[in-house]
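One structure is given below, encoded as structure tokens.
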Amino acid sequence: MTIQTNKIILRGRKVIGGYAEGEALVSKMPLMGWGNVDAKNGYTVERNHPLYEVPFKGKVLVFTEPRGSGGFVGYGASRMFGTNPIAFLYRKGNNLTVFAAMVMNVPTVTDFDQDPTEVIETGDHVIVNGDEGIVEVIKTANK
Amino acid sequence: MLLNDDEKRILNGEQGEIAQRCMKFLADYGEAAGAEKLVDLDGTVDLHPGPGWVGTYGVSMEEIAKLARKGEKFKVPTFSDKDAAMNVIVDGWEQCGVLPNSDPAYREKRMKELQPFIDMGMIPTFSCTHYLVSSFWPAVGTHSAWVESSAIPWVNAVLGSRSNFDGSFQTAYLGKVPYYDMHITENRAATVLVKCEAELERDMDYDLFGWAVGEALGLKVPALLGIGRPTTTQLVKMNSALNTGGQVRMYHIPGYTPEAPTLEAAFHGRKPKETITITRNDLKRVYELMNYGSSDDVDFVYLGCPHYNIQELQKVAGLLDDRKCSTRLWVMTNPQTYKLAEQAGYRKTIEDSGATLLSGVCAGMLYGVVMPPEGKPNVMATDACKQDYYITGHCHPHKVQVRYGAMEDCVEAAVTGKWKGEWR
């Protein structure tokens, strides 16, 4: 068996420092918090969302943007239940994503030179250097 | 991030440990947000009364009480959003029929805990639409710290004061926020031209339009053309949906909102980066996203997201006059408008129909308690995209369904127990 690997480097801005590596879980749809995030179980419960009830525990969670209420901080609250992602990467955010990242306290990077949701696919192996804002993507997602 | 000498002194603890922790929060928050500095607030604060957004920098109720006893005050006029921590129903709680909110001891305990906030200067508006009853608005160009979906576009677009979503104890107490995003002039320029080809007539149309634009734009700033001259009710609905279906914090209506006397001014003299068109089909698509059910039965009707203003209460009282509800109907407003509705006789008309008039909270904030997993109700009807789209999450894993329509459709459902609304 041969696995083709293809490494891509993304450069962004540090939000929260630290190092993490693991499997990506990617949402091309914005994430919504408040009632639509279940922090205890660590997944979104937004109806119609592609990641509905898909656990983000232990994953590198990659998404486009936040939308909706200040209750977005509920993604951060997953940390209290041990259901949190190991890293948080997003295309563009605001203070909703910042507060969630501060509560989650895992390596967090945004404002990349490329759209991370276009480059990274669910299943890719991702290495996050939060301090430098550098994300290394090893393309292992099944084609 | 750069702090000035005063801010450094606070960070070094010269104004006490609580001020130090609040400054540490602002410094770390600003750093994470990529802000260059802090800015002094000269507008207003809209805060969720509680310890703050990020637990590790939280200020406990005991600490706030201690500051209040020392006579310490918030730096700028500070208004209360809904009480997110304990979901206090300010008026009508005796009739709400859900625990713990109808328990007098629960309410008394929480009102006592909130008193130190009021002693420090928080004005007890207790509303997601405090801006409709605050009787005091921040001036154009000032820096504010607000919260709440519909309120953020109100402060930025309608009032022209500058705010991110960071009204909290820390920002109110120190009177400062990180200077980034909506505080910076160039970030307030429109980049997207939105042409509305649908005729927006009903209040509901503005709710649907707001959602459609929000979905398409995310965090971008639009200039909105072809939306007429929206009423207060329509603006509130549109703002709520813009910042729920997406994350539109700021927009311009040329010739209408304060930072856009002209279309050119909305774009700060530059060309639009993109242009989108919203048609009647887009509104229909959002309507269908919001309105679904496997039968016509409705067993809970919720009106007042965002909190109804007096014109809406007058209208709903008119629709309920001399009629009887067969299904539970909650009408939510803010405490100040509740009193006005009482004086005007609308409260009596609403309650005579069997409906409940409440203030200070919302169905979503009560999570699943209004629709418990056992038995009914399972189908809610509402006239707000925001409430509609969150309530299914709030009730999860209990699978509830939502009917969406105009106020008239919702009142009809409350009277008959059946949903008759359809797209027209």
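The values are calculated or read from the model by the stated rules, or taken from the named source; none is laboratory data. Note that the structure is predicted; figures quoted are calculated from it, not measured. Please note: Cβ atoms are built from the backbone with ideal geometry, for glycine as well, and neighbour counts cover all protein chains shown.
Filtered by the rule that a residue be surrounded by 21 or more Cβ atoms within 10 Å (Cβ to Cβ) and either farther than 24 Å from A:LEU96 by Cβ or within 14 Å of chain A (Cβ to nearest Cβ) (or both), the range B:68-82 gives B:ASP81, B:LYS82. Taking first residues from the range B:211-227 that are at positive phi and in contact (Cβ under 8 Å) with a residue 12 or more places away in the chain and partners that are part of a loop (DSSP other than H, G, I, E, B) and crowded, with 21+ Cβ neighbours inside 10 Å, the Cβ contacts under 6 Å between residues at least 6 apart in sequence or on separate chains come to B:GLY218/A:GLU65; B:GLY218/B:GLY246; B:GLY218/B:GLN247. For the range B:91-125, a residue qualifies if it is assigned to a loop (DSSP other than H, G, I, E, B) and within 17 Å of the chain's Cα centre (by Cα), and the qualifying residues are B:PRO124, B:THR125.
Out of A:GLU46, A:GLU23, A:GLU53, one residue alone is surrounded by fewer than 23 Cβ atoms within 10 Å (Cβ to Cβ) and either within 8 Å of chain B (Cβ to nearest Cβ) or without any contact (Cβ under 8 Å) to a residue 40 or more places away in the chain (or both). It is A:GLU53.
The listed residues are A:MET29, A:MET102, A:MET80, and the only one of them that is within 13 Å of the chain's Cα centre (by Cα) and either assigned to a helix (DSSP H, G or I) or more than 8 Å from chain B (Cβ to nearest Cβ) (or both) turns out to be A:MET29.
Any residue in the range B:208-220 that is farther than 30 Å from B:SER127 by Cα and touching a strand residue (DSSP E or B) at 6+ places or on another chain (Cβ under 6 Å)? Among the residues of the range B:208-220, not one is farther than 30 Å from B:SER127 by Cα and touching a strand residue (DSSP E or B) at 6+ places or on another chain (Cβ under 6 Å), which makes the answer no.
Of all residues in the range B:246-258, those satisfying the criterion of being within 14 Å of chain A (Cβ to nearest Cβ) and touching a residue at least 60 places away in the same chain (Cβ under 8 Å) are B:VAL248, B:ARG249, B:MET250. Contact map, the range B:259-276: residues that are in contact (Cβ under 8 Å) with a residue 60 or more places away in the chain paired with residues that are surrounded by 13 or more Cβ atoms within 10 Å (Cβ to Cβ) and among the polar types (S, T, N, Q), Cβ distance under 9 Å, separation 6+ or inter-chain. Pairs shown: B:GLU259/B:ASN156; B:ALA266/B:THR257; B:PHE267/B:THR191; B:ARG270/B:THR191; B:PRO272/B:THR191; B:LYS273/B:THR191; B:GLU274/B:THR191. Of all the criteria given as (1) in a loop (DSSP other than H, G, I, E, B); (2) within 9 Å of chain B (Cβ to nearest Cβ), the one not satisfied by A:GLY71 is (1). With respect to being in contact with a strand residue (DSSP E or B) (Cβ under 9 Å, 6 or more places away or on another chain), assigned to a loop (DSSP other than H, G, I, E, B) and over 29 Å from A:ARG47 (Cβ atoms), B:PRO254 fits the description. When the strands (runs of 3 or more DSSP E) confined to the range B:288-395 are screened for residues that are touching a helix residue (DSSP H, G or I) at 6+ places or on another chain (Cβ under 9 Å) and surrounded by fewer than 24 Cβ atoms within 10 Å (Cβ to Cβ), none reaches at least 3 such residues. Does B:GLY52 meet the test of being within 14 Å of another protein chain (Cβ to nearest Cβ), within 24 Å of B:VAL155 (Cβ to Cβ) and modelled with pLDDT under 95? Here the answer is yes, as B:GLY52 does meet what is asked.
Restricted to the range A:83-99, and to residues there that are more than 30 Å from B:ALA384 (Cα to Cα) and surrounded by fewer than 24 Cβ atoms within 10 Å (Cβ to Cβ), the residue that is farthest from the other protein chains (Cβ to nearest Cβ) is A:ILE86. Restricting to the range A:56-68, and then to whatever is among the charged types (D, E, K, R) and facing chain B (nearest Cβ under 9 Å), can you tell me which residue is surrounded by the fewest Cβ atoms within 10 Å (Cβ to Cβ)? Within the range A:56-68, the match that is surrounded by the fewest Cβ atoms within 10 Å (Cβ to Cβ) is A:GLU65.
Taken across the range B:390-404, residues that are in contact with a Gly (Cβ under 6 Å, 6 or more places away or on another chain) and among the aromatic types (Phe, Trp, Tyr) do occur, with at least one present.
Scanning the range A:6-16 for residues that are within 12 Å of another protein chain (Cβ to nearest Cβ) and surrounded by fewer than 17 Cβ atoms within 10 Å (Cβ to Cβ) yields one hit, A:ARG13. For the range A:105-119, which residues satisfy the criterion of being surrounded by 24 or more Cβ atoms within 10 Å (Cβ to Cβ) and in a loop (DSSP other than H, G, I, E, B)? Result: A:PRO107, single match.
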